[in-house]
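To start, the structure under review is shown below, and the notes come after it.
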Amino acid sequence: TLAYRKEEFEVVFHYYHCHDSGESFTTTALDEINIKQVHNQYRAKHNIPFPDDLRRIREKYQLSYKKMSEILGFGINTYRKYESGEIPSLANAKLILLADDEEEFRKLATYCKTIDNKTRDKISSRTAQLINERKQNQQNQCLLDYVFGGTQRDAFTGFTRPSLEKLTEIVVYFAEKMNPWKTQLNKLLFYSDFAMYSQHCQSLSGLRYRAINLGPVPINFDSLYEYLANNNRIKIEYSVFPDGNTGEKIRPATGNSFKSKNFSEAELDILRKIESQFKDATTRDIVAISHRENAWKANHQTRNLIDYSYGFELKGIAG
């Protein structure tokens, strides 16, 4: 149990133990994993934006750190510090969340008497454009809510803001590299997300996973793959086996290759690692491997959602 801002949070505490001396100790890297678990829970509990939320809000208005701080009434370097990981106060967090609403942000810009007319006109034009785009994308938002089971960050999303765009590219990546069967792909997504969480305390996609008989799977995965196929990002090929069962193989769609621009090098490393780990595994192999995971053992009888803290206990991947 670790304390932060007069509150206590339970974490999976990482440390080294010396069998010779009996001493226990941490390193800077382990300290970061421990404290980030606390920060994630604190942000989620109090609805405080994460650094990528802050960057997304600022970039959608096409403004600098300085202008965002000015409009919100913060110190000149405050917004930059928040994007770099400093946690906002509860009052400032509420103001930032308010700014995420285009109509409210336009009002905030109007109330700010220190910005120039050119910036104010730019914000007015940009917010009008964003409001129109949001109305046009309402159908996609409904799909996002269904596929991910909501868009809030919590222990079941790996404290990552669900991203249909990023999830799409992860599916396309494995379709290109491995042509997996659907059951295989479900496990590749699970291991990618949970391996990312084990190293960085945040998942890749923000997907929620459920434990079923065939291992951990993303919730509502059939709808996800159908959507991607209908939008020409993947192809689903159906095969009938000698025993009468049907299999679905996921292949890349012609002319729609994996786009790496939205991924950090650390995220790409995870995808490469999972590809390398399971490139020769059959469907039967990867299902059997996933059944060794505590994430599955503790949840499959009740088909529970899987808490990402099980990512610290992965057995099926090396390192």
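How fast does region 158-205 diffuse by Stokes-Einstein, in µm²/s, taking the Kirkwood radius from C-alpha pairs at 4 °C and 1.567 mPa s? So the translational diffusion coefficient is about 118 µm²/s.
Model label points for D52 and N230, set 7 angstrom from Cα along the Cα-to-Cβ axis, are 2.6 nm apart. Note that region 248-319 carries a Kirkwood radius of 14.7 Å, evaluated over its alpha carbons pair by pair. Share of carbon and sulfur in the accessible area of region 242-319 stands at 45%, probe radius 1.4 Å. Heavy-atom surface analysis with a 1.4 Å probe gives region 30-162 a carbon and sulfur content of 48 percent of its accessible area.
The alpha-carbon atoms of the chain, seen along their principal axes, cover 73, 60, 33 angstrom, with the largest extent given first.
Residues in region 50-66 carry Karplus couplings, in order, of 7, x, 6, 5, 4, 5, 4, 5, 5, 6, 5, 8, 6, 10, 7, 4, 4 Hz; the curve used is 6.51 cos²θ - 1.76 cosθ + 1.60 with θ = phi - 60°, and Gly or Pro positions show x.
If you plug the beta carbon distance of Y238 and A3 into 1/(1 + (r/R0)^6) with R0 = 41 Å, you get a FRET efficiency near 0.15. Site pair L108 and S24 shows an inter-label distance of 4.2 nm when each label is modelled 7 Å from Cα along Cα→Cβ.
Per residue, the solvent-accessible area of the chain (1.4 Å probe, heavy atoms of protein chains only, all protein chains present) comes to 52 Å².
Placing +1 on the Cβ of every Lys and Arg and -1 on the Cβ of every Asp and Glu, with no other charges, gives the chain a dipole of roughly 940 debye about its Cα centre. FRET efficiency for the pair V12 and L95, taken as 1/(1 + (r/R0)^6) with r the Cβ-Cβ distance and R0 = 45 Å, rounds to 0.85.
Report summary: the helix-based calculation at 222 nm, which adds -39500 (n - 2.57) for every DSSP H run with n ≥ 4 and divides by the residues of the chain, gives -16000 deg cm²/dmol. Counting 0.36 nm for each residue step from T151 to S84 and taking away their Cα separation leaves a gain of 21.9 nm. Specify the residue with the greatest mean-square fluctuation among R153, R106, R233, computed from a Gaussian network of the chain linking alpha-carbon atoms under 10 Å apart. Most flexible of the set in this elastic network: R106. Springs join every pair of Cα atoms under 10 Å in this Gaussian network model of the chain, and among H46, H291, H19 the largest mean-square fluctuation is at H19.
Label positions at R303 and H291, each projected 7 Å from the Cα along the C-beta direction, are separated by 1.9 nm. As a ratio to 2.2 N^0.38 Å, the alpha-carbon radius of gyration computed for region 1-71 takes the value 1.59.
The values are calculated or read from the model by the stated rules, or taken from the named source; none is laboratory data. Just so it is clear, the model here is predicted, and its values are computed rather than measured. Methodologically, a virtual Cβ is constructed for each residue, glycine included, from the backbone with ideal geometry; neighbour enumeration extends over all protein chains shown. Surface accessibility is based on the protein's heavy atoms, side chains included, excluding ligands, DNA and RNA. Shrake-Rupley method; radii C 1.70, N 1.55, O 1.52, S 1.80 Å.
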